[in-house]
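Below is one structure, written out as structure tokens, with a few remarks after it.
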Amino acid sequence: MKIGKKKFNTLHTQKGFTLVELLIVIIILVIAATIVSFNFSAHKTTQALNNGEDETVSLLNEARSRTLAAENNIQYGVHFSSSKAILFSGTTFIDGAAGNKEVDFDSTITMSSILLAGGGSDVVFQKMTGETSAYGTLILQKTATTLGQKTITITKPGLVSGN
């Protein structure tokens, strides 16, 4: 009589995942989500900086154009603060005046530097020529870092450009 040997199946069928496998997948997903979130946030801040520059340049050009067009037979200017730019009528900025047009900067950017000839934070354009005595540079930058910034240049003849 033959004594039979039991055969052991060395191939086990696995049903489900082990705890280690689940932890590895979760860690990979968390790392991927963090990278995507960081890149999205950086892109959003860069876009806000670009928009702030565009809106500021546009506001300065509007003030100059309205002055040159002798709209309401008055001069126009732009007042700057760290969080906004405000187009105003006349030669003196009055906070809260009815005709003021405000451009609020996104909370992720700030006007970090206002370097105008003669000091101050107002640029007023002259009738007939469009010139300004408050020429110089404005610097917008990201609030969280000094790596991202935009410089707006205002020339004596009143021409405005961003970089």
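Here are the numbers for this structure:
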| quantity | calculated |
| --- | --- |
| Pairs where the first residue, in segment 30-50, is touching a residue at least 24 places away in the same chain (Cβ under 8 Å) and the second is among the hydrophobic types (A, V, I, L, M, F, W, C), C-beta under 8 Å, 6+ apart | Thr45/Ile109; Thr45/Ala144; Ala48/Phe105; Ala48/Ile109; Leu49/Ile109; Leu49/Leu140 |
| Residues of segment 71-89 classified as within 26 Å of the chain's Cα centre (by Cα) and in a strand (DSSP E or B), total | 10 |
| Qualifying residue in segment 149-161 (condition: closer than 15 Å to His79 by Cβ and part of a loop (DSSP other than H, G, I, E, B)) | no |
| Breaking point among (1) within 19 Å of Leu49 (Cα to Cα); (2) in a loop (DSSP other than H, G, I, E, B), for Thr92 | (1) |
| Some residue of segment 53-70 being in a loop (DSSP other than H, G, I, E, B) and surrounded by fewer than 19 Cβ atoms within 10 Å (Cβ to Cβ) | yes |
| Verdict on Leu49 being touching a strand residue (DSSP E or B) at 6+ places or on another chain (Cβ under 8 Å), closer than 21 Å to Leu147 by Cα and aliphatic (A, V, I, L, M) | yes |
| Lone qualifier among Gly90, Gly130 - being touching a helix residue (DSSP H, G or I) at 6+ places or on another chain (Cβ under 9 Å) and within 18 Å of Ile74 (Cα to Cα) | Gly130 |
| Where Phe17 falls short, out of the listed (1) surrounded by fewer than 12 Cβ atoms within 10 Å (Cβ to Cβ); (2) out of contact with any helix residue (DSSP H, G or I) (no Cβ under 9 Å at 6 or more places or on another chain); (3) part of a loop (DSSP other than H, G, I, E, B) | (2) |
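Here, each number is a calculation from the coordinates, and none is a lab measurement. Worth saying up front: this structure is predicted, and the values here are computed from it rather than measured. Note that each Cβ is placed from the backbone with ideal geometry, even for glycine, and that neighbours are counted across all protein chains shown.
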